[in-house]
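One structure below.
The values are calculated or read from the model by the stated rules, or taken from the named source; none is laboratory data. Fair warning: this is a prediction, and the values are worked out from it, not measured in the lab. Here the Cβ positions follow ideal geometry from the backbone for every residue, glycine too, while neighbour counts run over all protein chains shown.
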Amino acid sequence: MRRTVPVKLDVDSDGAALLEDTVDTFLWCAQYVTDHAFEGEYVTTSKTTLDDETYDEVREATDGFNGGLVQAARNKAAEACKSVVARWKNGKKASKPHFTSPHVVYDHRTATLHDDHVGLATTDGRIEADYVLPDKASDTPHADYLFSDEYETTGSELHYSNGNWMLHIHCKTDVEPDTSKQATTENRTVLGVDLGVNNLAVASTGTFWTGNEFNHWRREYEKRRGDLQEHGTRWAHENIQSVGRKEEGRFTMTLHRISNELVAEARDHGCSVIAFEELTNIRDRTGASWGHKWAFTRLYEYAEYKAVEYGIDVAQVDPENTSRRCSHCGFTHPDNRESESFACLKCGYLNHADYDAAKNIGLRYLRRNQTGDDGGAPLGVRLNSGTLNVNGEYESPASTEARTGVHAESHLFTGG
């Protein structure tokens, strides 16, 4: 079981200058390795090969940048290159990665975690930064994971966001899943989940998690920041940072609630898999903002680690045409969907477009895995009453209980 605990750091001006230089150097190293990987006829993805071909050059070019951080940057580059090659193999478009998000990846060699502070390698030796911890000592991720004897730290990532230095500390523990809580896995029943702007999440069971509140507060916080930026004073700058902290806190609570309810939805309907659409390029597909992209990523991550306790897998599938395909007959056409309404031009099937997409996402997972090692067990996508089998055929609750499959609909829920 893995958890990530974000910890704010108290960094003075000298330390901040060193960390900024370290971030710039780390990103330069990752980009240098990536550029090198793309130089040949084929993209190089082997960490060993990239290390042999770039390590000495990078160290020399960066005036002896910390060796551990050079290797971390190389690993970052290699993983990014592997992702590109994987997309090419699946017939998808992908271009050479470019690293711009301000962050540094640390391990036990380059970051030393203490009870109240951390020592971080930089471009000029190490600095120490105190943790800024919540006043409440219990019932926080810090108490539950970071300072728990049951969890060990496996690494961390330093991020700079909204004027704050945040250390995202990765923790893990080995656990035996509680079989009394696990979903029945004899049948690979899938909960499909569609993500969007107007509705943050829609499940194949017909449950909707509206984006109204999220969108309202996103606009409200943007307006507050805009008003403060017009003043240009130090007071305004400090208040912009405060607004950012409140915004992240509010949205984090919302996403934790939705992820809890998604996992509960899967458990209530006996699902062993929650299938999301792939998050790559989701902004282009949905017209989402960067704030929405952040929310989608966090929602997936929260659901992923919370589902582990119940023996539920969480996966991503290719979203191509899931919003244009009829889950009833399989006919795919751009004109099937208009805004939030879905009307199949072939069979006349009518429903909410996001709900139809959620069912297609579940079906996509089934078809991708129907030849997998499931011990011959039937596969299915869960609806609110009954299931859809891998061919998209509806099975009633009675037949589902007899043979099992993907859960199908009797009517559409709008709650949640």
* Could you please let me know if LYS82 is of a type outside the set (Asp, Glu) and part of a helix (DSSP H, G or I)? => yes
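If you go through the stretch 148-163 one residue at a time, how many are of a type in the set (S, T, N, Q) and in contact with a helix residue (DSSP H, G or I) (Cβ under 7 Å, 6 or more places away or on another chain)?
Total satisfying the criteria: 1.
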* **Out of THR4, THR34, sole residue that is touching a residue at least 12 places away in the same chain (Cβ under 8 Å) and within 21 Å of SER161 (Cβ to Cβ)** => THR4
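If you check HIS168, HIS108, HIS159, which single one turns out to be at pLDDT 85 or above and either buried (at least 18 other Cβ atoms within 10 Å of the Cβ) or assigned to a loop (DSSP other than H, G, I, E, B) (or both)? If you could, list the steps in order and put the result at the bottom.
Details: HIS168 fails: either buried (at least 18 other Cβ atoms within 10 Å of the Cβ) or assigned to a loop (DSSP other than H, G, I, E, B) (or both); HIS159 fails: either buried (at least 18 other Cβ atoms within 10 Å of the Cβ) or assigned to a loop (DSSP other than H, G, I, E, B) (or both).
Exactly one residue qualifies, and that residue is HIS108.
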* Structure fact -> With criteria (1) modelled with pLDDT of 80 or more; (2) not in a helix (DSSP H, G or I), ALA288 comes up short on (1)
* Asked: Can you tell me how many residues in the stretch 297-350 are among the hydrophobic types (A, V, I, L, M, F, W, C) and closer than 15 Å to GLY192 by Cβ?
  -> 9
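Residues are listed down the side, and each one gets a yes or a no for (1) in contact (Cβ under 8 Å) with a residue 40 or more places away in the chain; (2) of a type in the set (A, V, I, L, M, F, W, C); (3) farther than 30 Å from ASP10 by Cβ:
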site	(1), (2), (3)
GLU60	no, no, yes
GLY67	no, no, no
LYS76	yes, no, no
ARG87	yes, no, yes
LYS93	no, no, yes
HIS98	yes, no, yes
PRO102	yes, no, no
TYR106	yes, no, no
HIS114	no, no, no
* Do we find a residue being closer than 20 Å to ARG2 by Cβ and among the charged types (D, E, K, R) anywhere in the stretch 63-79? -> yes
* Asked: Taking ILE274 and the conditions (1) in contact with a helix residue (DSSP H, G or I) (Cβ under 8 Å, 6 or more places away or on another chain); (2) modelled with pLDDT under 85; (3) buried (at least 19 other Cβ atoms within 10 Å of the Cβ), which numbered condition does it fall short on, given that it satisfies the others?
  -> (2)
* **LYS96, sole failed condition from (1) under 30 Å from THR252 (Cα atoms); (2) in a loop (DSSP other than H, G, I, E, B); (3) in contact with a Phe, Trp or Tyr (Cβ under 7 Å, 6 or more places away or on another chain)** => (1)
* **Of the criteria (1) within 30 Å of ALA303 (Cα to Cα); (2) out of contact with any helix residue (DSSP H, G or I) (no Cβ under 8 Å at 6 or more places or on another chain), which one LEU19 fails** => (1)
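Hey, among VAL105, VAL70, VAL84, VAL118, which residue is more than 21 Å from the chain's Cα centre (by Cα), among the β-branched types (Val, Ile, Thr) and closer than 15 Å to THR34 by Cβ?
Among VAL105, VAL70, VAL84, VAL118, only VAL70 is more than 21 Å from the chain's Cα centre (by Cα), among the β-branched types (Val, Ile, Thr) and closer than 15 Å to THR34 by Cβ.
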* Structure fact -> Only one of (1) out of contact with any Leu (no Cβ under 6 Å at 6 or more places or on another chain); (2) at pLDDT 80 or above; (3) not in a loop (DSSP other than H, G, I, E, B) does not apply to ASP115, and that is (3)
